Amino acid sequence: MTMQTKCDTYKILGVLIQYPSQALISVLSECKEALQSEALLSKDVLKEVCHLIKHLQQTELLSLEENYVSLFDFKSSLSLHLLEHTYGDSRDRGQALLDIVSYYEKSGLYLQPGSMPDYMPVFLEHLSFLPTIKASQVLSCHINTIALLEQRLKEHDSAYTAVFSALKSLSASKEDEKYVQNAMNKYTRESENSKTVDEKWQEPNAFSIPTKGKMKPRHNDSIKK
């Protein structure tokens, strides 16, 4: 099954939470234009996302890299792998990952070798191939994780909060506020456990970066049609 891109907004939101690079920074203006053109985000939400884009454009790359690693690579509670929040390192996660791969393939999307199916930029890229109503419904399956990441990033005063606020606004359903609040009651910046540094954060991002007219890969596309 061959699918045409329905909406770039999801993919762009995924791009914004990738490891920062000069290649990413070079297309941020085009990302902003696409978000404004599609108008899928509300005015207030778009304003916050544009603030993140401005932050990425104006901050020294080394500082962006250091901040990104300190957040997403060293903290399991801020992992960008969706199923890590649901299953941790249990065996059930392995089967769940296989189920996601099967779901992608039934939609005509095939991951490049080495790409993790629950990595948020990959998941959001997949949503960009779906009709917006369907994408909103699929996104809602992970709304509690998204809302929890939003709140945790707020605790770190991170501009990346805007991406998760945007995703929450696009979801077909709202989060379980009691669940999120209970999880946040147990969370503090100081008690956060660092993840063991491994090789996966050193690997090139498999996700592609959008440019005008088409999605141009930085290294290799994470999803093939």
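A few points about this structure:
- Residue tally, condition closer than 18 Å to PHE123 by Cβ and hydroxyl-bearing (Ser, Thr, Tyr), over the stretch 12-37: 1
- Scanning the stretch 1-55 for residues that are of a type outside the set (A, V, I, L, M, F, W, C), open to solvent by less than 20 Å² (accessible area, probe 1.4 Å), within 18 Å of LEU71 (Cβ to Cβ) and assigned to a helix (DSSP H, G or I) gives a single hit, GLY14.
- Output for the stretch 56-93, where each listed residue is open to solvent by 70 Å² or more (accessible area, probe 1.4 Å), closer than 20 Å to LEU28 by Cα and part of a helix (DSSP H, G or I): GLN57, GLN58, LEU62, GLU66
- One residue from GLY114, GLY108 being touching a residue at least 40 places away in the same chain (Cβ under 8 Å), open to solvent by less than 60 Å² (accessible area, probe 1.4 Å), of a type outside the set (Phe, Trp, Tyr) and on the phi > 0 side of the Ramachandran plot: GLY108
- Residues (under 15 Å from the mean Cα position of the chain (by Cα) and free of Cβ contacts under 8 Å to residues at least 60 places away in the same chain) located in the stretch 31-71: ILE53, TYR68
The values are calculated or read from the model by the stated rules, or taken from the named source; none is laboratory data. Computed from a predicted structure; not experimentally measured. Glycine gets a Cβ as well: all are built from the backbone with ideal geometry, and neighbour counts include every protein chain shown. Please note that ligands, DNA and RNA were not included when accessible areas were found on the heavy atoms of the full protein model with its side chains. Shrake-Rupley method; radii C 1.70, N 1.55, O 1.52, S 1.80 Å.
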